[in-house]
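Below is one structure, written out as structure tokens; the observations come after it.
The values are calculated or read from the model by the stated rules, or taken from the named source; none is laboratory data. All values reported here derive from a predicted model rather than from experimental measurement. Cβ placement follows ideal geometry from the backbone for every residue including glycine, while neighbour counts extend to all protein chains displayed. These accessible areas exclude ligands, DNA and RNA; they are computed on the full protein's heavy atoms, side chains included. Shrake-Rupley method; radii C 1.70, N 1.55, O 1.52, S 1.80 Å.
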Amino acid sequence: MATALNPPGEPEGRATVGASALLLETRVGSLIKESRYRYPKVQISPRQLSIGAAATAVRDGELDLALVHGDFIGNESDPPGVVVERLPDLEVLPVGSVSLVDAVDRRAALASVKVLAVDPDCASHQVLVTALREVYGIDPQVIEAGSMGGARELARAGYGIAMLPAESVGPESEGYGGLTMLPGLPRVRLGVRAMWLGPEMAVGAVSAVREVAIRVGRERQPQAA
């Protein structure tokens, strides 16, 4: 009877997926769409989470799967109690308003804006702070933007600069949707990882969503020329 109600190869159920802010916008939408197409009986409940809280949320059963970017803060090794799988990297770049690039005195223009942090645990905005200090002699103020959308709009308005995935701010040919990449500042490749309790603890829905998450990440990787 159980086999008849749930045929092999047809996962079903609900998977709660937490993602860091950058991944929530750039990959989770595609994850939901692809999962819906491949596994119509699987439902995904997405949540935004901070990188530092991901492992605990998975261990405590609050999340079935966590997708995070960047290194684990203060810990070079994998967090205990969860399975960690490496996914394709996410590239982020420094963006700001066009006026920052067109400014006659670029240093003065950059000194007048803030560094916008989407996730306080993400290392990318610290890379930006270090570059501003070393290249322009600026010690910028860092403020939390709260979300990808908030960082994008504040940067577009000229209030700050942020490290954002290129795919989230528009095509380069269109000026990144009113933003521009800031020359002289570094692009950063952030490691992406999936965390879960492992196959022996996961229901079929979780394993299915994990497989799709790996596929979505690979499809977003830039192709070699």
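Report in % the part of the accessible area of segment 25-163 that belongs to carbon and sulfur, leaving out ligands and nucleic acids; probe 1.4 Å.
Numbers: 3200 of 6700 Å².
Of all accessible area on segment 25-163, carbon and sulfur atoms account for 48 percent.
Per 0.36 nm of contour for each residue apart, how much would the distance between Val83 and Ser45 grow if the chain were fully extended, relative to their Cα-Cα spacing?
Working: separation 38, 0.36 × 38 = 13.68 nm, distance 2.03 nm.
Net length gain for the segment: 11.6 nm.
Between Glu211 and Glu12, what is the label-to-label distance in nm when each label sits 7 Å out along the Cα-to-Cβ direction?
1.7
By the gyration tensor of its Cα atoms, with a ≥ b ≥ c the square roots of the eigenvalues, what is the shape of segment 8-58: rounded for a/c under 1.5, prolate for a/b over b/c, or oblate?
Numbers: a/c = 3.41, a/b = 1.68, b/c = 2.03.
Note, shape of segment 8-58 comes out oblate.
For the residue pair Ile143 and Arg59, what label-to-label distance in nm results when each label sits 7 Å from Cα along the Cα-to-beta-carbon direction?
Each label point lies 7 Å from its Cα, and together they span 3.5 nm.
So how much slack lies between Arg38 and Val98, counting 0.36 nm per residue of separation and subtracting their Cα-Cα distance, in nm? Provide the component values of the computation, followed by the final result.
Details: separation 60, 0.36 × 60 = 21.60 nm, distance 4.14 nm.
Full extension of this stretch gives 17.5 nm more.
Simple spin-label model, 7 Å along Cα-to-Cβ: Glu91 to Val203 in nm?
Output for this residue pair reads 3.9 nm.
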